[in-house]
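A.B. asks: Take a look at the following structure, please.
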Amino acid sequence: MSRPVLMAITVLAASALSFPLLAAAPAPAGDAQAGQRAFAICASCHSRAVGEPARLGPNLAGVFGKKAGTNDAKFAYSSALKTAAVSWNDRNLDAWLARPNALVPGTKMAFAGVADPKTRSNIVAYLKTLGR
Ligand code: HEC
């Protein structure tokens with residue numbers, strides 16, 4: 001057998017072997033650049049540069065990892081969000097962006113939610129870059 005044919009067989013065998021491993025891997029982390037573009041739907045309500053004043057919603061610089069209702073000290077949060085036992089980790093941000101009112105009933109974030117899980121994970125990846 002010629003060398004190129006052997007190489008092609010090796011490559012095919014390797015991809016056949018690695019495919020089940022890839023399929024079993026956890027969902028890939030979001031794409032922050034795509035998340036930045038998707039953030040257009042949030043930007044009318046949310047500023048994101050450090051120190052920028054709040055809009056209809058709080059400034060989001062540094063929000064990842066914070067307890068809910070604490071990121072923007074000058075913002076008048078709802079008591080629902082302030083008293084929610086929620087910290088902004090990946091799982092909670094995903095649930096919040098899917099349906100804010102389901103994670104925190106009574107929140108004043110008047111936003112229906114982002115249906116597409118991939119878009120949510122991209123936005124969360126982008127939120128992680130803010131304020132760093
Ligand atoms: C119509 C305005 C509006 C839109 C659009 C909106 N938000 Fe909000 N958001 C708010 C308000 C108001 C709050 C405060 C909620 C409260 O106090 O109950 C908030 C709160 C938040 C918080 C919690 C902040 C903290 O300090 O705990 C995060 C995170 C957040 N929004 C992310 C987003 C993202 C990401 C998007 C876009 C996918 C988005 N929001 C779209 C108005 C909005």
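What follows is calculated from the coordinates using simple rules that are stated; it is not laboratory data. These numbers come from a predicted model, not from an experiment. Backbone-built Cβ (ideal geometry, glycine too); neighbour counts: all protein chains shown.
A.B. asks: Sum up the charges of everything whose Cβ sits under 12 Å from the Cβ of Thr129, counting Lys and Arg as +1 and Asp and Glu as -1, but leave Thr129 out.
C.D. replies: +2
A.B. asks: For Arg120, what charge total do you get from the other residues with a beta carbon under 15 Å from its beta carbon, if Lys and Arg give +1 and Asp and Glu give -1?
C.D. replies: +1
A.B. asks: So for the stretch 30-129, averaging the separation of alpha carbon pairs under 8 Å that are six or more residues apart and normalising by length, what relative contact order in percent results?
C.D. replies: 36 percent
A.B. asks: If we count every other residue with Cβ under 12 angstrom of Ala54's Cβ, Lys/Arg +1 and Asp/Glu -1, where does the sum land?
C.D. replies: +1
A.B. asks: Can you pull the Kirkwood radius for the stretch 30-129, inverse mean 1/r over Cα pairs, to one decimal in Å? Spell out each step's value before the answer.
C.D. replies: Numbers: mean 1/r = 0.0747 Å⁻¹.
Evaluated on the stretch 30-129, it is 13.4 Å.
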